[in-house]
Amino acid sequence: MPRRPHVFVAASTALLAAAVIPATVLPALAVPAEAPHIPESPARASPDPAYRALAAHRSVPSSSLPSTPPSAPPHSSTPHHSAPPSSAPHPSAPPSSPSPERHSAPPPAAGPPAGRESFKRDGFPEDGPVTAAALLSRAGGCDQISNGLYRAGEGTAATIPVCDSKGAVFWKADMDIDCDGQTTAHCNSAADPYYQDTTAYTQADGRALNPEELPYIVVPLSSSIWNYRSSGIRGGSVAAVIHRDRVEYAVVGDTGPPGIIGEASYATARALGIVADPAGGGVPSGVTYIVFKDSEISRLDDQEAIARRGDELAKQFIMDN
């Protein structure tokens, strides 16, 4: 009992020293501000509600708390990539690029080169050569201009009219192969029993046309059925010849029997995918000939000019009909 006052005095002195000496001197006695002491048992807990709430918060397991607080300093030892990305963007973050699913439309697919589509009118494509379908849609009905009908060949019935339209005349017939003109490997008297080395119209140097190289068509000689000149057709007039889905531009290069229609050069048939044998080639039907009025070119053997002029006239034909 006599020693208790000394123990009390020593304890009081130690407490007084801890209150006066700064926390930096007595680190063991300093308590961090962000980590207040939590009572070890409910019996010793403070009655203050705020203190009890703080104690409850401190009792939450550390695994349920965020690993890196939003306000972590830049020099935090936690690597930036260790935290899992958040599903919601930060308000200050720049907008991210939209995902492919959010695009309103995919980028346009690479289209055909310029000038490889078809002319657009009433639903037809716009640029490039005219399609067979576009031309055939304008040559559907027939405003007959011929006084009678033509035959497809000797011994056949006359069933083919010549039809008038704005800017052109047309007919639908067969195709016989004309090999007349310059002698070539495939067009000669041995290959064609009816071969002639002349054509009604000639190329720029005065020579007969080359049937194997030049696309040309044959028109019937003028008769009471039809005079092609009265319709604005001449030697060198440009024509569009259509078979199935192909179009070939040609010129009026030769004339044939006055009662028969439906003939074109070896080169024309070959370009349309028709067998070009003058003895047994051609097709019995399904060929449309559209001859443009007042369209003759000066050089019948200028194939580039024929193709260019034919495409222009075909587009005009579609617009006008």
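The values are calculated or read from the model by the stated rules, or taken from the named source; none is laboratory data. Values in this document were obtained by computation on a predicted structure and should not be read as measured data. Cβ sites come from the backbone with ideal geometry, for glycine too, and all protein chains shown count toward neighbours. Surface areas here come from the heavy atoms of the whole protein model, side chains and all, with no ligands, DNA or RNA. Shrake-Rupley method; radii C 1.70, N 1.55, O 1.52, S 1.80 Å.
Miscellaneous remarks
- Taking residues in the stretch 224-244 that are under 25 Å from residue 318 (Cβ atoms), and partners anywhere that are among the basic types (Lys, Arg) and assigned to a loop (DSSP other than H, G, I, E, B), the pairs with Cβ atoms closer than 6 Å and at least 6 places apart or on different chains are 232/293.
- Some residue of the stretch 237-249 being in a loop (DSSP other than H, G, I, E, B), over 30 Å from the mean Cα position of the chain (by Cα) and more than 21 Å from residue 143 (Cβ to Cβ): no
- In the stretch 196-222, residue nearest to residue 162 (Cα to Cα) [restricted to those that are part of a loop (DSSP other than H, G, I, E, B) and open to solvent by less than 40 Å² (accessible area, probe 1.4 Å)]: 215
- Counted residues, the stretch 139-153 - those being assigned to a loop (DSSP other than H, G, I, E, B) and either open to solvent by 50 Å² or more (accessible area, probe 1.4 Å) or over 16 Å from residue 317 (Cβ atoms) (or both): 10
- Scanning the stretch 223-236 for residues that are of a type outside the set (D, E, K, R) and in a loop (DSSP other than H, G, I, E, B) gives 223, 224, 225, 226, 227, 232, 233, 235, 236.
- Test: residue in the stretch 303-315 that is open to solvent by 10 Å² or more (accessible area, probe 1.4 Å), β-branched (Val, Ile, Thr) and modelled with pLDDT of 95 or more: no
- Looking only at the stretch 157-182, residues that are touching an Asp or Glu at 6+ places or on another chain (Cβ under 9 Å), assigned to a loop (DSSP other than H, G, I, E, B) and at negative phi come to 4 in all.
- Filter result for residue 297 (assigned to a loop (DSSP other than H, G, I, E, B) and open to solvent by 20 Å² or more (accessible area, probe 1.4 Å)): yes
- Of all the listed residues (274, 242, 261, 225), the sole one being under 19 Å from residue 295 (Cα atoms) and either hydrophobic (A, V, I, L, M, F, W, C) or surrounded by fewer than 19 Cβ atoms within 10 Å (Cβ to Cβ) (or both) is 242.
- Residues considered: 268, 288. Of these, the only one that is within 31 Å of the chain's Cα centre (by Cα), buried (at least 20 other Cβ atoms within 10 Å of the Cβ), closer than 22 Å to residue 231 by Cβ and modelled with pLDDT of 95 or more is 268.
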